[in-house]
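One structure is given here, and the rest of the page talks about it.
The values are calculated or read from the model by the stated rules, or taken from the named source; none is laboratory data. Keep in mind that this is a model prediction, so the values were computed, not measured. Note: ideal-geometry Cβ built from the backbone for every residue, glycine included; neighbour counts use all protein chains shown. Please note that ligands, DNA and RNA were not included when accessible areas were found on the heavy atoms of the full protein model with its side chains. Shrake-Rupley method; radii C 1.70, N 1.55, O 1.52, S 1.80 Å.
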Amino acid sequence: MCFSRVVTPIVAGTVAGTVAGAVMGMVAAVAPASAGPTIVIDVNSGRVLSHEDAFQRWYPASITKLMTAYVAFEAVQKGELQFNSPITISKKATREPPSKMGYPAGSVLTLDNAIKLIMVKSANDVSTAIAENVGGSVGAFAERMNAAARKLGMTGTNYVNPHGLFSTEQYTTARDLALLVRAIRTEFPQHAHYFSMEAVRAGDKILPNYNWLVGRFPGADGMKTGYICSSGFNLAATATRNGRTLATIVLGAPSQVERGEEAARLLAEGFQIQGAVAPSLQNFAPYGNGRNVAVDLRPQICSEAAVKARYERGDDDGMLVQRSPYLTAMDHEPRAVTIGLGGATGPAPSVPRFADVPIPTPRPDYPFKSATAETGQGG
């Protein structure tokens, strides 16, 4: 699908807003368009500094894992388990597609390490393990995710899994994700370190953070990337300068490069806006025709032409630094936090474990499937 937009320019003392366009119909399988919905907020005040199509339904991809972490934080806060409690990898978890760690069934790691892995590596198998151990089953954990979404006022969001792999029943909006990001930063400031790591070290491998802004955009301190064919490349990013923290959501970018560039631009411009008269995120009025129909970018993002174009552009890291005036080259090797199995000395989760009963959900009949495009979905 595509959008027709009119963007209001940023003017000192005013809000940079947009007039959302109507959803125009199915796109042709051609080169990807520009990024989709965006929003920029001041985390401390909850004010909206700029936005485009902020209420348009979208597939969250691995930004879902922010809610997975939020629910885990709540469980620790309630005393159900601790960060050194065991997270056991099940057979179901081992069957999740990449991005994943590939641990064998029966492997045990701490909740602390599990959260670090889903934030940096975006490991789908570890996400499933967290859901099963914290919630008792993936289904029960999804119920917790939806309960948390309702509590936060995320009225355009529904979850069915903890990792963000494609389901027609899992969707969100840029505005809702901004609510979630703000909740994590304000309710659990002591856990900010989970979202700002430059890399993790697992055995002899260094796994860099998929969020290219960390270490390259001045003040960047989180949070999470996401990618599936149907969503395009998504990013929730935060940055702090002079004691002021901003967050931006970028959905539907055509590549890792563009989502990082767009997020950096939006944050840089956001720091120039004071936002005293900006609308409140909580009371932000919905807008946009067709906003309750999820946009599916698979024909654009995972066509043979689109995949080939991303491949031919070369290294994302290098391209990102070269093309954006808001980013600088990382001046050091990524600082890696060591992750490993074992070390789970805390109490086991207190919830009972249940068997997951699959509930069929409709999936579109896609005639084209690219092994290259499908590889590594989640990051």
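Between residue 221 and 238, 239, 240, the built amide H atoms are under 5 Å apart, and every one of these is 5 or more places off in sequence or on another chain.
Couplings for the range 210-216, taken from phi via the Karplus curve 6.51 cos²θ - 1.76 cosθ + 1.60 with θ = phi - 60°, read 5, 7, 5, 5, 5, x, 10 Hz in order; Gly and Pro are left as x.
Under 15 Å of direct C-alpha separation, and excluding same-chain neighbours fewer than eight residues apart, residue 151 reaches these aspartates and glutamates: 74, 143, 176, 187. Once backbone amide H atoms are built at 1.01 Å from N, residue 337 has 199, 200, 201 as its partners under 5 Å, excluding neighbours fewer than 5 places away on the same chain. Residues whose amide H falls under 5 Å from that of residue 123, counting only those 5 or more places apart or on a different chain, are 118, with hydrogens built in the peptide plane. Extension gain, residue 204-residue 187: 0.36 nm per intervening residue step, less the Cα-Cα distance, totals 2.6 nm.
Taking each of 116/224; 121/224; 205/308; 121/205; 92/205 in turn, the alpha-carbon distance tops 21 angstrom for 205/308; 92/205.
What does the C-alpha gyration tensor say about the overall shape of the range 86-134? Classify as rounded when a/c is under 1.5, otherwise prolate if a/b is larger than b/c, or oblate. Oblate, because a/c is 1.5 or more while a/b does not exceed b/c.
Our coupling estimate for the range 327-334, obtained by passing each phi through the Karplus curve with A = 6.51, B = -1.76, C = 1.60 and θ = phi - 60°, is 10, 10, 5, 5, 8, 7, 5, x Hz, Gly and Pro reported as x.
Assuming a ≥ b ≥ c are the square roots of the Cα gyration tensor eigenvalues, decide whether the range 245-353 counts as rounded (a/c under 1.5), prolate (otherwise, with a/b larger than b/c) or oblate. Judged from the Cα gyration tensor, the range 245-353 comes out rounded (a/c under 1.5). Between rounded, prolate and oblate, where does the range 260-308 land on the alpha carbon gyration tensor, with a ≥ b ≥ c its root eigenvalues, rounded for a/c under 1.5, else prolate if a/b exceeds b/c? Because a/c hits 1.5 or more and a/b fails to exceed b/c, the range 260-308 counts as oblate. As a rough guide to protection, the peptides 49-60, 101-112 ranked by mean Cβ packing within 10 Å, highest first, stand as 49-60, 101-112. Averaging the sequence gap over all C-alpha pairs within less than 8 Å and six or more residues apart, then dividing by the number of residues, gives the range 208-354 a relative contact order of 23 percent. Accessible surface area normalised per residue over the range 126-282 is 29 Å², counting heavy atoms of protein chains with a 1.4 Å rolling probe.
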